[in-house]
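> Questions regarding the structure given below will be posed in turn.
Taken together, the values in this text are just the output of simple stated rules run on the coordinates, not laboratory data. Everything numeric here is computed off the predicted structure, so don't read it as measured data. Ideal geometry is used to build each Cβ from the backbone, glycine not excepted, and the neighbour counts take in all protein chains shown.
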Amino acid sequence: MGLALIAVALLIGLGGLGTAIGFGILGGRLLEGTARQPEMAPMLQGKMFLIAGLLDAVPMIGVGLGMYVLFVVVPTMPV
């Protein structure tokens, strides 16, 4: 049971950490692209928001899987 709780914590924590790093890189690249070609800023911003939405789905899926493990798998585990 203890290992399952550690697995849930790692699943949620590392998913959030990876998303934060991804958003940082994505925002930095958006600023670089906008600085190089200002006329393409609206197109780059639209694509950035699309990728940000997809990137934001990763921790949500991790939280869903973590809650499944926490509330469905752990109570049915033999002690």
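> Could you tell me how many of the residues in the range 54-75 are assigned to a helix (DSSP H, G or I), more than 20 Å from Ile21 (Cβ to Cβ) and of a type in the set (Val, Ile, Thr)?
3
> If you go through the range 33-71, how many residues are closer than 14 Å to Ala7 by Cα and among the aliphatic types (A, V, I, L, M)?
5
> Turning to a different aspect of this structure: If you check Val58 against the conditions, is it surrounded by 11 or more Cβ atoms within 10 Å (Cβ to Cβ), within 12 Å of the chain's Cα centre (by Cα) and aliphatic (A, V, I, L, M)?
For Val58, the condition - surrounded by 11 or more Cβ atoms within 10 Å (Cβ to Cβ), within 12 Å of the chain's Cα centre (by Cα) and aliphatic (A, V, I, L, M) - is met.
> Failed condition for Pro78, given (1) in a helix (DSSP H, G or I); (2) closer than 23 Å to Met1 by Cα, with all others met?
(1)
> Also, I was wondering about something else. List the number of the failed condition for Gly64; all other conditions in (1) touching a residue at least 60 places away in the same chain (Cβ under 8 Å); (2) loosely packed, with under 15 Cβ neighbours inside 10 Å hold.
So Gly64 meets the others, but not (1).
> What are the pairs with Cβ atoms under 7 angstrom where one residue, in the range 35-53, is closer than 20 Å to Gly22 by Cβ and the other, located anywhere, is among the aromatic types (Phe, Trp, Tyr) and in a helix (DSSP H, G or I)? Sequence gap at least six, or different chains.
Ala52/Phe23
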